[in-house]
Amino acid sequence: MSDQPSETMNLLLRWHSGDRSAIDQLIARDLPWIQQQVRKRLGPALRMRGDTEDYMQDAMIEALKYCPRFVSRSQSRFRNIMARIIENVLRDKNRWHQARRRAMSKERRIPSDSVIDLDPPNESVTRPSEGAQQNERELWVRLALEFLRPDDRKVILMRQWESKSFAEIAEELGITAETARMRFHRSLPRLGRKIMELRANRTAASD
């Protein structure tokens, strides 16, 4: 199916403004494709879940509620992002990822009107304020986290958002403190590269 820029953008903007019917339309339009893509990437154990389809719909609703607010003119780009986030929710145990995302959205208190445009114009005539720039950086970081490998994503969240020591991280993950430290420091450049890829429109579902 070809991209439908105006429809995707309009639905996301309506959702951000509080129109619940917009999320219902996004689900009806895109969830079947997203489910197909996620099933291809999930292991056999997860595919055996009897409630996978319902869980994917719930995960899509949660993602649109608690993930960084973004807009895009591209239907395929929107689908790819949703597929990756839903895959993360299904892979993480005990809905840890879903709960962590909710907590992040509350802790950071980014203004509700902060939205990142995934398809910005090449040039802008206005310069955002320092506060707006900080909010935008925060949103890019949180979105890029969704595209990291689970081990990288988890160690960054535990260290940066939960302020855990490397000894505490090591105990929870069943590794040594030095391994936790190395994993964290190796994950930061990967996060930086992922932010650059997202901003350059290079990230796809196959990442």
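Coordinate-derived values only; no laboratory data. All of these numbers come straight from a predicted model, not from anything done at the bench. Glycine gets a Cβ as well: all are built from the backbone with ideal geometry, and neighbour counts include every protein chain shown.
Pop a pseudo-label 7 angstrom from the Cα along the beta-carbon direction at both Lys40 and Arg20 and give the gap in nm to one decimal.
3.4 nm
Applying a 10 Å radius around every beta-carbon, put 7-16, 175-184 in order of their mean neighbour count, most first.
Peptide ranking by packing, descending: 7-16, 175-184.
Can you compute 3J(HN,Hα) from phi for each residue in the stretch 156-168, using the Karplus curve 6.51 cos²θ - 1.76 cosθ + 1.60 with θ = phi - 60°, rounded to whole Hz and x for Gly and Pro?
5, 4, 5, 7, 8, 9, 9, 6, 7, 6, 5, 5, 5
Under the rule of at least 5 residues apart or a separate chain, name every residue whose amide H is placed under 5 Å from the amide H of Phe70.
Ile116
Based on other C-beta atoms within 10 Å, arrange Ser72, Ser21 from fewest to most.
Fewest-to-most Cβ neighbours within 10 Å comes out as Ser21, Ser72.
Between Ser163 and Gln134, what length comes free when the chain is fully extended (0.36 nm per residue of separation minus the Cα-Cα distance, one decimal in nm)?
Net length gain for the segment: 8.4 nm.
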